[in-house]
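What follows draws every value from the coordinates through simple rules; no lab data is involved. If you're wondering where the values come from, they're calculated on a predicted model, not measured in any experiment. Ideal geometry is used to build each Cβ from the backbone, glycine not excepted, and the neighbour counts take in all protein chains shown.
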Amino acid sequence: MSTVHVPVSAPYDVQIGTGILPGLGKQIRALCPGAERYILVTDDMVGPLWAGTALYSLRTAGLTGRPFTLPHGEISKTSRNLVALLNYTASHRMSRSDILLALGGGVVGDLAGLAAATYMRGVSYIQIPTTLLAAVDSSVGGKTAVDLPAGKNMMGAFWQPRHVLCDTATLSTLPEDVFTSGCAEIIKTAVLFDEDLFSLLDRDGKAFDREAVIARCVAWKRDVVVEDERDTGRRALLNLGHTLGHAAEAYSGFALSHGQAVAIGMATVCRAAARAGLCAEQVPEQVEALLEKFGLPTHTDAPFDALMERMLSDKKRSGGTIRIIVPQRIGQCAIRSMTTEEAAAFMKAGL
Ligand code: GLY
């Protein structure tokens, strides 16, 4: 088993290993000695596969609780479901020393995290990521949210989990396309910080060592989050490929998965950076080759104007400029602030 310590304002550990979910109840007893009750938030895909193991472990440890099961997918990440979860939590007479558990991918983790941040002004929660994307990204760092009609993650809070327990056995039941989608976030980490990881992924493809690679990605994310917990500076690096990716994802009506969209965004920004002379021509070639090896797309057929319109709404939120993450070489990227016009011209060159 690997452990990555995250020394933020409320420090916690991320544990990664195979077959560690049955130890959940014992972990809670050790970490939250005052907890008597829990709500286990999950979805209708993950619940039938893994909730039984978690519930048995919790019961054996003497904890009392119930599952709360959402329909799977982004469609569930609503304020309505948040309030339903809060009411359910209250009806179970949960106190401030009790605990919420998020068993699932990013949607479950983000929604349960926001419920934990707001229930009685804040209770502990444990992230139990069951997708690759959640394991290497969304379960770590304390970003919690639901979507509003105006956009993704528009209602949220920073609220760090009490613990993250990542059982790599859960990845074995992922549909292939969901696993592939998570690989985009791993490739993103390699392009951002870790040339050796990039080579390792190129060598091993999808057969990479789950525990070692997840722990390595979590450690990179930890370093960024510790430096910039509230996302006011360097944490923006983690958005490599996301500005154009979000635009392509929205344009597709969410037919593109988040990972596919990030892959397109990453490849586009690498091509754009090379055309602008900010990195060598080999960088986009290498990144495209690795994405293709993992079965991820590198181009969008969305019209330029439609993409720019969506990118512009990102820009409005950040008050006048867009921060684009630009690769300098594999393993090193920079944050560049651009005006709308500069960003449009820059991205157009990469499409
Ligand atoms: N997923 C990006 C972040 O945690 O900042």
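Things to note:
- Order of TYR12, TYR88 under a 10 Å beta carbon neighbour criterion, fewest first: TYR88, TYR12
- Sequence-separation-based contact order of the range 78-148, relative, with Cα cut under 8 Å and 6+ spacing, percent: 38 percent
- Compactness of the chain is given as radius of gyration and Dmax, 19.8, 61 Å, from Cα positions.
- Prolate/oblate/rounded call for the range 150-228, Cα gyration tensor, a/c under 1.5 rounded: prolate
- When the Gaussian network model of the chain links Cα atoms closer than 10 Å, the mean-square fluctuations of CYS270, CYS166, CYS32 top out at CYS32.
- Legend: distances between Cα atoms for LYS143/LYS188; LYS152/LYS188; LYS152/LYS206; LYS143/LYS348; LYS293/LYS348; pairs beyond 22 Å are LYS152/LYS206; LYS143/LYS348; LYS293/LYS348.
- Centre separation in Å (Cα based) which lies between the range 50-78 and the range 181-218: 29 Å
- In the chain, the DSSP-assigned H stretches of four residues or longer account for a calculated mean residue ellipticity at 222 nm of -13500 deg cm²/dmol, using -39500 (n - 2.57) per stretch and the full residue count as denominator.
- Here the relative contact order of the chain, from alpha carbon pairs under 8 Å that lie six or more residues apart, stands at 15 percent.
- Dipole orientation for the range 209-351: of the candidates LEU291, ALA306, ALA334, ALA334 has the Cα lying most toward the positive pole (charges on Cβ; Lys, Arg +1; Asp, Glu -1).
- Using C-alpha pairs below 8 Å separated by at least 6 residues, the relative contact order for the range 109-190 is 34 percent.
- Springs between Cα atoms under 10 Å define the GNM used for the chain, and in it the highest mean-square fluctuation of ALA61, ALA207, ALA261 occurs at ALA207.
- Label positions at THR64 and MET120, each projected 7 Å from the Cα along the C-beta direction, are separated by 1.4 nm.
- Among LEU85, LEU200, LEU40, residue whose mean-square fluctuation peaks in a GNM of the chain (springs only between Cα atoms under 10 Å): LEU200
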